[in-house]
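**Student:** The structure is given below, and queries will be raised subsequently.
The values are calculated or read from the model by the stated rules, or taken from the named source; none is laboratory data. These numbers were taken from a predicted model, which means no experiment stands behind them. Using ideal geometry, Cβ is built from the backbone for each residue, glycine included, and neighbour counts are taken over all protein chains shown. The protein model used for the area step is the full one, side chains on, heavy atoms only, and it has no ligands, DNA or RNA in it. Shrake-Rupley method; radii C 1.70, N 1.55, O 1.52, S 1.80 Å.
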Amino acid sequence: MRRIEFYFRETAAGIRRNGIMAFAAMSTAFIALFLFGLALIIAREINLVIEAVTGNVQVAVYLSDPVRPDTVTRLQTELQQLPAVASVQYENKDEACARAKKLFESNPAITENVPCEVYPASFRVTLADTAQYGQITARLSCQPDPTTHDITCSEPGVLKVLDFRDILDRLSAITRVLRNGVLFIAVVMLVSATVLVANTLRMGMFARRKEIGIMRLVGATNWRIRVPFLIEGLVEALVGAALAIITLFLVKVFVVDQLRGRIVWLPLIRNGDVLAITPWILIAAAGVAIVAGTIGIRRFLDV
Amino acid sequence: MISLQNVTKTYKNGVTALEAVSIEIEKGEFVFVVGPSGSGKSTTLRLLLREEEPSMGEVFVAGKNVVRLSSLGGIPKLRRNIGCVFQDFKLLQDKTVFENVSFALEVIGKPKHVIDARVPEILDYVGLGDKLNNYPDELSGGEQQRVSIARACVNRPLVLLADEPTGNLDPNTSVDIMRLLDKVNKIGTTVVMATHDQAIVDAMRKRVIELDHGKVVRDQSRGVYS
């Protein structure tokens with residue numbers, strides 16, 4: 001108990017003494033962790049869009065009503081046997097309706113006014129080889145309609161085929177560029193934050209070299225000397241993380257929530273999504289603190 | 001209590017500070033280490049504290065081979081058994097007399113009731129029982145050195161190392177400090193004092209070890225400075 005009290009008293013004294021440096025370290029940690037969180041949120045948002053647009057499959061084969069069970073079994077087996085196909089999942093009308101309701105739950109105009117019957121049953125196909133897509137259309141005897149660009153099929157029971165490959169490719173390209181761009185900036189900022197925190201610790205140790213000298217002389221252990229500085233680094237990183245998390249929630253409330261309802265088809269991240277990335281921000285903050293601590297106190301490692 | 005066996009210390013820059021030095025000091029002895037600047041006095045004290053390692057030979061303090069001690073536990077434990085006093089006192093200016101002494105116990109994890117009992121006791125012992133709440137810059141040089149001796153002794157060390165403890169003090173104050181060190185010695189603490197102060201060495205008539213160019217040139221019980 002007394003030891004813990006000692007550590008925190010020393011840590012608080014250290015941060016106070018080193019105010020401006022500690023502030024700089026905390027702000028950089030904050031910006032870095034905010035950008036890191038932003039990158040994760042952007043990735044989540046785009047995944048939501050992909051889910052909304054494609055249902056996370058590459059090709060959807062819609063079935064015409066009424067759906068006959070024997071047609072379902074036969075077509076599923078046949079599709080599965082195609083070498084281009086990795087997996088085929090059947091989604092009946094109820095499941096399609098439930099998925100649509102969940103997708104548009106923020107948009108009651110759609111969920112309340114569109115009856116379940118209009119959602120068609122479908123096979124949701126993931127391709128083993130996207131280039132071999134033609135195998136599916138050939139098997140189902142489909143032709144692109146020159147006027148509507150829909151792909152209609154003459155196979156009995158099949159309504160039409162939707163090809164999401166192109167959209168998926170483009171969306172994932174956008175995701176990659178956006179997320180990697182922000183992640184790159186975040187990594188640069190995280191490195192700066194680490195260096196700044198390490199430097200703060202080092203300056204703190206320099207300012208207190210006389211105390212440290214006496215501590216060594218009277219037989220204080222290495223850890224007794226170092227732990228207050230390690231806690232100082234951890235506190236600075238965690239303050240940055242807390243500010244970053246708060247700011248991300250503010251962004252969600254004041255930016256994302258303002259868009260909600262204005263763009264009807266666009267699903268948006270919710271509080272749960274922000275909450276889900278907070279562990280990653282805390283892990284990144286801990287990483288900053290550990291690396292900074294290791295670098296910052298290395299000069300004082302020897303007794 | 002202290003044993004240097006054939007110790008040679010050569011620093012990285014090639015300077016040989018000690019050459020084949022062997023010294024035995026018994027428990028409870030009072031020993032002066034004298035010699036001109038650069039003769040190896042400070043190096044000897046630093047070896048005992050394990051602030052330096054010998055290039056050759058062995059150093060024993062309180063039965064422990066200090067070279068073999070680990071920096072994790074062994075070296076701090078060794079230093080808890082050694083008190084240190086310096087020419088420049090090494091007091092923390094932003095702490096009171098009480099806090100300067102209690103700091104030494106606090107950082108080795110002593111519980112509060114021990115600190116509250118021992119710190120006033122030792123400050124009383126060195127004659128500063130009425131100055132607990134003063135800051136170092138409010139004290140005379142002699143008083144500051146007493147605080148530093150109190151800090152060195154508060155954990156009841158087996159050995160007290162003093163590096164020119166009277167170097168910054170006038171002759172009368174120096175005599176007072178020597179009386180105090182003698183008092184500390186009388187209660188069983190082994191005292192090793194490096195000094196230039198001829199008058200003090202001559203007056204005390206204790207064992208004198210003289211170093212010159214890193215070698216022991218004289219080891220005399222009840223000796224004088226030169």
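**Student:** Filter region B:74-86 down to the residues that are surrounded by fewer than 20 Cβ atoms within 10 Å (Cβ to Cβ) and touching a helix residue (DSSP H, G or I) at 6+ places or on another chain (Cβ under 9 Å), then identify the one that is modelled with the lowest pLDDT.
**Tutor:** B:74
**Student:** Out of all the residues in region B:85-98, which are farther than 12 Å from residue A:211 by Cα and either part of a helix (DSSP H, G or I) or within 10 Å of chain A (Cβ to nearest Cβ) (or both)?
**Tutor:** Result: B:86, B:97, B:98.
**Student:** Restricted to region B:55-73, and to residues that are surrounded by 15 or more Cβ atoms within 10 Å (Cβ to Cβ) and touching a Lys or Arg at 6+ places or on another chain (Cβ under 7 Å), which residue is nearest to residue B:108 (Cα to Cα)?
**Tutor:** Out of the qualifying residues, it is B:69.
**Student:** When you go through A:98, A:39, A:52 one by one, which is the residue that is more than 14 Å from every other protein chain (Cβ to nearest Cβ), surrounded by 15 or more Cβ atoms within 10 Å (Cβ to Cβ) and modelled with pLDDT of 80 or more?
**Tutor:** Answer to the selection: A:39.
**Student:** Kindly establish whether residue B:44 is over 17 Å from residue B:195 (Cα atoms) and not in a loop (DSSP other than H, G, I, E, B).
**Tutor:** no
**Student:** Taking region A:256-280 as the search range and keeping residues that are of a type in the set (A, V, I, L, M, F, W, C) and at pLDDT 85 or above, which one is farthest from residue A:112 (Cα to Cα)?
**Tutor:** Here the answer is A:280.
**Student:** Here's something else I'd like to know. Contact list please: Cβ distance under 8 Å, first residue in region A:193-208 and under 17 Å from residue A:223 (Cα atoms) and basic (Lys, Arg), second residue assigned to a helix (DSSP H, G or I) and open to solvent by 10 Å² or more (accessible area, probe 1.4 Å), pairs at least six apart or on different chains.
**Tutor:** A:202/A:299; A:208/A:17
**Student:** Quick check, is residue A:191 over 26 Å from residue B:51 (Cα atoms) and modelled with pLDDT of 80 or more?
**Tutor:** Criteria met by residue A:191.
**Student:** Would you confirm, using the coordinates I've provided, whether residue B:44 is of a type in the set (Ser, Thr, Tyr) and more than 25 Å from residue B:142 (Cβ to Cβ)?
**Tutor:** Yes, satisfied.
**Student:** Report yes if some residue within region A:206-216 is modelled with pLDDT under 90 and under 36 Å from the mean Cα position of the chain (by Cα); otherwise report no.
**Tutor:** Checked region A:206-216: no residue is modelled with pLDDT under 90 and under 36 Å from the mean Cα position of the chain (by Cα).
For every residue, the table says whether it meets (1) among the basic types (Lys, Arg); (2) crowded, with 22+ Cβ neighbours inside 10 Å.
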position: B:163; (1), (2): no, no
position: B:166; (1), (2): no, yes
position: B:176; (1), (2): no, no
position: B:179; (1), (2): yes, no
position: B:190; (1), (2): no, yes
position: B:194; (1), (2): no, yes
position: B:205; (1), (2): yes, no
position: B:210; (1), (2): no, no
position: B:216; (1), (2): no, no
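**Student:** Could you list all residues from region A:199-231 that are open to solvent by 20 Å² or more (accessible area, probe 1.4 Å), more than 8 Å from every other protein chain (Cβ to nearest Cβ) and of a type outside the set (D, E, K, R)?
**Tutor:** Scanning region A:199-231 gives A:199, A:203, A:206, A:207, A:223, A:227, A:230, A:231.
**Student:** A further question on this structure: When region A:142-189 is examined, which residues are found to be within 25 Å of residue A:39 (Cα to Cα) and of a type in the set (Val, Ile, Thr)?
**Tutor:** A:167, A:174, A:175, A:177, A:182, A:185, A:187, A:188
**Student:** Does region A:75-95 hold any residues that are surrounded by 14 or more Cβ atoms within 10 Å (Cβ to Cβ) and without any contact (Cβ under 8 Å) to a residue 40 or more places away in the chain, and which are they?
**Tutor:** Across region A:75-95, the qualifying residues are A:88, A:90, A:91, A:92, A:93, A:95.
**Student:** Considering (1) in a helix (DSSP H, G or I); (2) farther than 14 Å from residue B:149 by Cα; (3) of a type in the set (Ser, Thr, Tyr), say which one residue B:102 fails and leave the rest.
**Tutor:** Failing condition for residue B:102: (2).
**Student:** Which of the residues that make up region B:54-84 are more than 8 Å from chain A (Cβ to nearest Cβ) and in contact with an Asp or Glu (Cβ under 7 Å, 6 or more places away or on another chain)?
**Tutor:** Of everything in region B:54-84, those that are more than 8 Å from chain A (Cβ to nearest Cβ) and in contact with an Asp or Glu (Cβ under 7 Å, 6 or more places away or on another chain) turn out to be B:65, B:67.
**Student:** Can you find, within region A:108-138, the residue that is nearest to residue A:159 (Cα to Cα) among those that are over 32 Å from the mean Cα position of the chain (by Cα), open to solvent by 70 Å² or more (accessible area, probe 1.4 Å) and hydrophobic (A, V, I, L, M, F, W, C)?
**Tutor:** Going through the qualifying residues, I end up with A:118.
**Student:** Just give me the residues in region B:99-121 being among the small types (Gly, Ala, Ser) and either in contact with a strand residue (DSSP E or B) (Cβ under 7 Å, 6 or more places away or on another chain) or facing chain A (nearest Cβ under 8 Å) (or both), in sequence order.
**Tutor:** Scanning region B:99-121 gives B:104, B:109.
**Student:** Another question about this same structure. Limited to region A:139-179, what total is found for residues that are under 37 Å from the mean Cα position of the chain (by Cα), exposed (fewer than 12 other Cβ atoms within 10 Å of the Cβ) and of a type outside the set (Asp, Glu)?
**Tutor:** The total comes to 5.
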